[in-house]
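A quick write-up on the structure given underneath.
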Amino acid sequence: MTWKHGHSRAVRKTAPNGYPRAMSTTDQRDLGDSDSPIEDALEQAFNRMVDEGTQRLHRSWREVLVTGFFGGTEVAMGVLAYLSVLVATDNPLLAGLAFSIGFLALLLGRSELFTEGFLVPVTTVAAKRASVAQLVKLWSGTLAANLVGGWLIMWLVMTAFPKLHGQTVESAQHYVDAPLNAESITLALLGGMAITLMTRMQHGTDSMPAKIAAAVAGAFLLAGLQMFHSILDSLLIFGALIAGNTSFGYLDWLSWFGYTVVCNIVGGLALVTLLRLIRSKDRLKQERREADSPTGRPR
């Protein structure tokens with residue numbers, strides 16, 4: 001006879017005749033190591049997200065801006081690697097792998113990229129561990145700081161590496177000259193989905209090699225397949241504008257950026273975050289009840 005201990009109670013997993021007991025909707029939570037209504041692996045990932053999201057959403061404006069600024073500078077270093085490999089090989093897939101330097105810097109440096117702020121912060125707000133106003137502060141501050149930090153590093157890159165000017169302008173034109181059609185919209189939706197999927201994979205494990213693999217995979221999808229990403233591609237466009245001799249200006253960038261950032265948000269929220277919230281619906285209800293209790297659950 002097999003017994004499993006979860007918290008202060010013991011649950012028998014076999015029937016009296018020795019055969020496995022039939023699973024029902026009422027005892028699914030008894031099959032894992034905890035009383036959570038979701039699987040143990042999902043419970044651990046959920047707790048990681050809510051714990052991290054609570055800390056991120058309770059940052060001050062200074063912390064949000066500085067963390068976002070660093071995020072922009074680190075992604076810009078990934079853009080430098082991307083352009084360098086693209087010039088040398090003319091292969092966007094290899095260049096996409098080189099861009100993973102930027103995502104690895106984000107991961108190991110604990111900085112913030114605007115499009116990483118979908119799954120974790122939204123889950124935290126849904127769990128009532130932070131407010132919508134705090135989410136807006138995180139999004140707006142991180143987005144602005146990403147662009148400022150990225151522009152600064154791209155100015156340095158274009159000044160230091162004149163040989164990259166031609167490739168930067170060519171790469172930027174792929175995005176800023178794209179017409180607003182079904183192809184552009186779906187590329188931006190997939191871009192938001194890809195970066196949020198990378199975040200989901202990284203929060204689904206405690207293994208650093210696995211987190212690094214997720215960062216490389218995310219870079220390959222976004223940069224290697226030239227999906228539309230509001231921050232990454234904006235830095236390419238900034239580099240081209242700094243290099244000069246372009247057929248477009250900052251207003252053209254703003255027009256492209258406007259629909260791209262909206263589609264990134266929709267892709268990240270609707271295609272990954274919402275599905276994860278639905279999957280963890282019962283656990284979210286439990287978390288919200290605890291948040292509404294007089295004592296709450298300490299974080």
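Laboratory data are not the source of any read-out in this text; all were calculated from the coordinates shown. Computed from a predicted model, the values in this text were never measured in an experiment. Counting neighbours? That spans all protein chains shown, and the Cβs are built from the backbone with ideal geometry, glycine included.
List of remarks:
- Cα-based equivalent ellipsoid, region 189-242: semi-axes from gyration tensor eigenvalues, Å: 25, 11, 9
- Once the Cβ-Cβ distance of residue 156 and residue 212 is raised to the sixth power relative to R0 = 25 Å, the FRET efficiency obtained is 0.40.
- Likely footprinting exposure, 159, 199, 246, fewest C-beta neighbours within 10 Å first: 159, 246, 199
- All aspartates and glutamates inside 13 Å of residue 281 as judged from Cα atoms, apart from same-chain residues fewer than 8 positions distant: 39, 43
- Part-to-part distance (alpha-carbon centres) for region 103-164 and region 49-79, which is given in Å: 6
- Nearest-ten-degree value, helix 92-109 long axis tilted from longest Cα axis of the chain: 60
- Measuring r between the beta carbons of residue 285 and residue 55 and using R0 = 35 Å, the FRET efficiency lands at 0.95.
- Shape metrics for the chain, restricted to C-alpha atoms - Rg then Dmax, Å: 22.2, 81
- Candidate aspartates and glutamates - alpha carbon under 15 Å from residue 137, same-chain residues fewer than 8 apart omitted: 63, 112, 116
- The length gained by stretching the chain between residue 39 and residue 178 to full extension, at 0.36 nm per residue less their Cα-Cα distance, is 45.7 nm.
- The C-alpha atoms of the chain define a longest principal axis, and helix 208-219 lies at about 40 degrees to it.
- Computed about the Cα centre, the dipole magnitude for the chain is approximately 1200 debye when only Lys and Arg (+1) and Asp and Glu (-1) carry charge, each at its Cβ.
- Mean separation of Cα contacts under 8 Å (6+ apart) over length of the chain, as relative contact order %: 23
- Pairwise Cα distances in region 30-177 exceed 19 Å in 61 percent of cases.
- Rounded to whole numbers, the Karplus 3J(HN,Hα) couplings from phi for region 182-194 are 4, 5, 5, 5, 5, 5, 6, 4, 5, x, x, 5, 5 Hz, using 6.51 cos²θ - 1.76 cosθ + 1.60 with θ = phi - 60°, and x at Gly and Pro.
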